[in-house]
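Colleague: Structure incoming, see below.
Laboratory data are not the source of any read-out in this text; all were calculated from the coordinates shown. Everything numeric in this text was worked out from a predicted model, so none of it was measured. Here the Cβ positions follow ideal geometry from the backbone for every residue, glycine too, while neighbour counts run over all protein chains shown.
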Amino acid sequence: MVYLVVLRRTKPLPYASILVPVISILLGVLLSSIILYLLASIPPLALFNLIVRSFTSPTVLKDTLILTLIGLSLVIAFKASIWNIGAEGQFHMGMLVATWIALFTPIASIPVLAKITCILAGAVAGALWAILAGVLRAYVGLDEVPVTLMLNYVAYYVLDVLVYGPWRGRFTYGYIRTDEIPENLWLTLIPGTTAHVEVLATVLIVGLAIWFMFKYTIVGLRLRILGSNPEFLRASGVNVKHMVVLALGLSGAIAGMVGALYLLGDTHRVSYPVEAQTAGYGYLGILVAWLSMLDVRGLPLAAYVVSSLRVTGITMQIAGLGGTAIVFLFMGSVLLTYTVAKVFSEYTIVIRR
Amino acid sequence: MIEELIGIVPVFATYYLVALGHGFFEKSGVLNLAIDGLFVLGATIAFALAAYTLNPWIGVIGSSIVCSLFGVFIAYVATKLPVSHGALGLSLMFLGYGLSLVVGIPVSNYVYAKALNPSTYTVPATDTVLVVLLASSILIGVVLHYVLDRTKLGAMIKASGEDPHVAEALGVDVVRTRVIAGVIGYALIGLGSAYFTLVWRSGWDPKIYLLGHGWIAFAISLAAGRQPILTMLTASLFAGLVRHQYVVQVALGLSTEIAKMLPFIVALASMTLFYVTPFKRKMASPKSLGKPYYREERTV
């Protein structure tokens, strides 16, 4: 008899942080293309062609920047082994508060300060929404995955209530949506692309700050230990519950900030029903964070690849093939192959007789 | 009054069966985060098969079979390989959403092009059908309770969930046990999700992946400590709430969106309540739920 045996590696697989994501993306795309060929008879070659072209699409930079930010948000939580699946809800809460400030407060007319207020208020809103889940996890003991997920649905409907009712605009041509936010709040385009200067600046500032936090500060260290050995953290006198809430709060703050940025840069208004309009960045960010192997430096590249896959989906939607379906398929397949491939960075399979 | 109660039956049957299957599977120690995606997939496959064959029961059986195959896959991979149960479940959730849209949209177009009336491919909601539906769901719950509490298989499932290492040492084949729990659990999830499109909603909607009923079932199961009999209670509560959303909405003067939000808030509240009351200690989650199971050296 020949057996395949799973063994723990004595040393981690060399170059695992590059090999694992690359292999899982390739296998994941292959898996999706097989599914699409079998179920929707989409020829794989045409699909690969589209994907390759998406890498140089002019719209890819915008998504890359946004997904890098969401990826940063999730890396903070994931490094601490807090599985925040609620970036989607935190994003929408940030968008909600930014919309309120932009449409209904006098701050909106002040140049520069208005934008900054919207973005920071978005961060606060996202943080509070995440802290809700953090408190339930830390003090009640509820698993954060179902909690953050269900809060996403609640966030969608809260925004729906406002857009359908009190916030419905006067100049909407019969659509159910808010009015456009004042033009002085709109973000500045980077010439030749659909991306925005302010988003790029936020990526740089937040990215550097988080890299610094994990590399040089005690909070960063504690968050990392929370992920690997919470018992040690407790034994050394750190309040683990506070750390859990902090991890979710920081994570939610960045996701909320992105929600505000997306409103100011892209949509300029909120349309009803929000759950049907969402670009799904909160969920795509999960894939980005994992593909970066939770390394801040790998995030932009992971975000670039995921954005290209998303652009492929959208291009196919224009061709009438259902973009959401294809984005979900890519996400599911790549996450699945990643989950399995990651095992091999720490374990190996050998043949025994 | 009776009519209103009978109207709850399709909702109850959907939630109860999905929550039962989910709880049964999780008792074996596999964290099941794929539930919402595979619920949507099951509901879509049931709709597709029923619409093509014009026989709802083929849809029901097909959905159960496809879902139980996924159950085998999850149980096998999560036990054989030291993978993260959470990542595995979430990846299958997204795959489930994607697959159901790829499968469902063409069928939906086909139904539209042929101008098929839902009555030709769904289960007619006559009183007899609903009574049978209700009785069979309750019967399945009682049988599962008996299996978990009184049989060797039940003991093996619970042992694998509490501590697979000890179970293995006592001679339980953890992989086989979990695969069996996965087949039974996901067959029930498939059954319940088929009732969603074929009895409750009588049709398919491309926004199906946005509804989150799988997560409601997740909360129903958790708030009852994964006990089949208690799940009946929580499932009826949510079925009543969701079915009579409109009544609740008017009675409390809420808008439609707040009413849609309500099940999720009640779900979060009931999970919280379950955790802060002594119920948690009495009906704790399996100790090894979601923990990778790795024996130092093993064969694949």
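Colleague: How large is ³J(HN,Hα) for each residue in region A:4-10, as worked out from phi by the Karplus curve 6.51 cos²θ - 1.76 cosθ + 1.60 (θ = phi - 60°), to whole Hz, x for Gly and Pro?
Modeller: So the Karplus estimates, Gly and Pro as x, are 9, 10, 8, 10, 6, 6, 6 Hz.
Colleague: Sticking with this one: Under 5 Å between amide hydrogens, which residues at least 5 positions from A:His196 or on another chain qualify, with H placed 1.01 Å from N in the peptide plane?
Modeller: Excluding prolines and chain starts, which carry no amide H, the hits are A:Ile190.
Colleague: Go through A:171-181, A:298-308 and give me the packing order, highest mean Cβ count within 10 Å leading.
Modeller: On the way: A:171-181: 14.9, A:298-308: 23.3.
In descending order of packing, they fall as A:298-308, A:171-181.
Colleague: Quick one: what are the phi-derived ³J(HN,Hα) couplings along region A:145-151, Karplus 6.51/-1.76/1.60 with θ = phi - 60°, whole Hz, x for glycine and proline?
Modeller: For region A:145-151, the Karplus-derived couplings read 5, x, 5, 4, 5, 5, 5 Hz, x marking Gly and Pro.
Colleague: Which of the lysines could a cross-linker bridge to A:Lys241, judged by Cα under 17 Å and excluding same-chain residues fewer than eight apart?
Modeller: The reachable lysines, counting only those whose Cα sits under 17 Å from A:Lys241, are A:Lys79.
Colleague: Here's another thing I want to ask about it. For the residue pair A:Ala16 and B:Arg176, what label-to-label distance in nm results when each label sits 7 Å from Cα along the Cα-to-beta-carbon direction?
Modeller: Placing both labels 7 Å along Cα→Cβ, they lie 3.3 nm apart.
Colleague: Stretched out fully, how many nm does the piece from B:Thr126 to B:Arg150 gain, at 0.36 nm a residue minus the Cα gap? Intermediate results must be reported in sequence, preceding the final value.
Modeller: Working: separation 24, 0.36 × 24 = 8.64 nm, distance 3.57 nm.
Answer, rounded to one decimal: 5.1 nm.
Colleague: Between B:Ile58 and B:Val276, what is the FRET efficiency for a Förster distance of 35 Å, r being their Cβ-Cβ separation, to the nearest 0.05? All intermediate terms of the calculation are to be shown ahead of the outcome.
Modeller: Values: r = 45 Å, r/R0 = 1.30.
Efficiency at R0 = 35 Å is approximately 0.15.
Colleague: Per-residue Cβ counts within 10 Å, from other chains only, averaged over B:251-264: what number is that?
Modeller: Working: counts 0, 0, 0, 1, 5, 4, 13, 5, 1, 8, 8, 2, 2, 9.
That works out to 4 on average.
Colleague: Which far-off residues, 5 or more places away or on another chain, put their amide H under 5 Å from the one on A:Tyr347, with H placed in the peptide plane?
Modeller: Under 5 Å from the amide H of A:Tyr347 lie the amide H atoms of A:Arg9, each far enough along the sequence or on another chain.
Colleague: Hey, which lysines would be in cross-link range of B:Lys158, C-alpha to C-alpha under 25 Å, not counting anything within fewer than 8 residues on its own chain?
Modeller: B:Lys27, B:Lys80, B:Lys280, B:Lys282, B:Lys287, B:Lys291
Colleague: Also, I was wondering about something else. Report, in degrees rounded to the nearest 10, the 0 to 90 angle that the Cα long axis of helix B:152-162 makes with the longest principal axis of chain B.
Modeller: 80
Colleague: Considering chain B as a Gaussian network with a 10 Å cut-off on Cα pairs, which listed residue, B:Val40, B:Val77, B:Val11, attains the greatest mean-square fluctuation?
Modeller: Comparing B:Val40, B:Val77, B:Val11 in the GNM, the peak value goes to B:Val77.
Colleague: Calculate, in nm to one decimal, what A:Asp266 and A:Phe232 gain on full extension: separation in residues at 0.36 nm each, minus their alpha carbon distance.
Modeller: 7.8 nm
Colleague: For the pair A:Ile23 and A:Val52, what calculated FRET efficiency results from E = 1/(1 + (r/R0)^6), where r is the Cβ-Cβ distance and R0 = 25 Å, to the nearest 0.05? Write down the numbers at each step before the final one.
Modeller: Numbers: r = 18 Å, r/R0 = 0.73.
With R0 = 25 Å, the Cβ-Cβ based efficiency is 0.85.
Colleague: What residue among B:Val143, B:Val276, B:Val103 shows peak mean-square fluctuation when chain B is described by a Gaussian network model with Cα springs under 10 Å?
Modeller: Highest fluctuation among the options: B:Val276.
Colleague: Leaving out same-chain residues fewer than 8 places away, which lysines sit with a Cα under 19 Å from that of A:Lys62?
Modeller: A:Lys115
Colleague: Which residues in region B:231-266 have a backbone N closer than 20 Å to a point placed 7 Å from the Cα of A:Thr172 along the Cα-to-Cβ line?
Modeller: Counting only backbone N, you get B:254-261.
Colleague: Below 12 angstrom from the Cβ of A:Leu221, what's the summed charge of the other residues (Lys, Arg +1; Asp, Glu -1)?
Modeller: Once all neighbours under 12 Å are counted, the net charge is +4.
Colleague: Mean shadow of the protein assembly as shown, computed from the convex hull of its alpha carbons, in nm²? Intermediate results must be reported in sequence, preceding the final value.
Modeller: Working: hull surface 122.9 nm².
Mean orientational projected area (the protein assembly as shown, Cα hull): 30.7 nm².
Colleague: Another question, then. Rounding to the nearest 10 and keeping the result within 0 to 90°, find how far the Cα-based axis of helix A:197-216 lies from the longest principal axis of chain A.
Modeller: With both axes taken from Cα atoms, the answer is about 40 degrees.
Colleague: Once both axes come from the Cα atoms, what is the angle between helix B:56-80 and the longest principal axis of chain B, in degrees from 0 to 90, rounded to 10?
Modeller: Value to nearest ten degrees: 30.
Colleague: Pick from A:Leu128, A:Leu291, A:Leu336 the residue whose mean-square fluctuation is largest in a GNM of chain A, springs joining Cα atoms under 10 Å.
Modeller: A:Leu336
Colleague: Could you work out the mean count of beta carbons from other protein chains within 10 Å of each residue's beta carbon in B:41-47? Walk me through the intermediate numbers first.
Modeller: Values: counts 0, 0, 0, 0, 0, 0, 0.
Mean partner shielding for this stretch: 0.
Colleague: A follow-up question, please. If you average the C-alpha positions of region A:65-79 and of region A:196-247 separately, how far apart do those two centres end up, in angstrom?
Modeller: Comparing the Cα centres of region A:65-79 and region A:196-247, I get a distance of 12 Å.
Colleague: Hey, another quick one. Can you give me the long-range amide H partners of A:Asn239? Hydrogens built in the peptide plane at 1.01 Å from N, cutoff under 5 Å, separation of 5 or more residues or another chain.
Modeller: It is none; the list stays empty.
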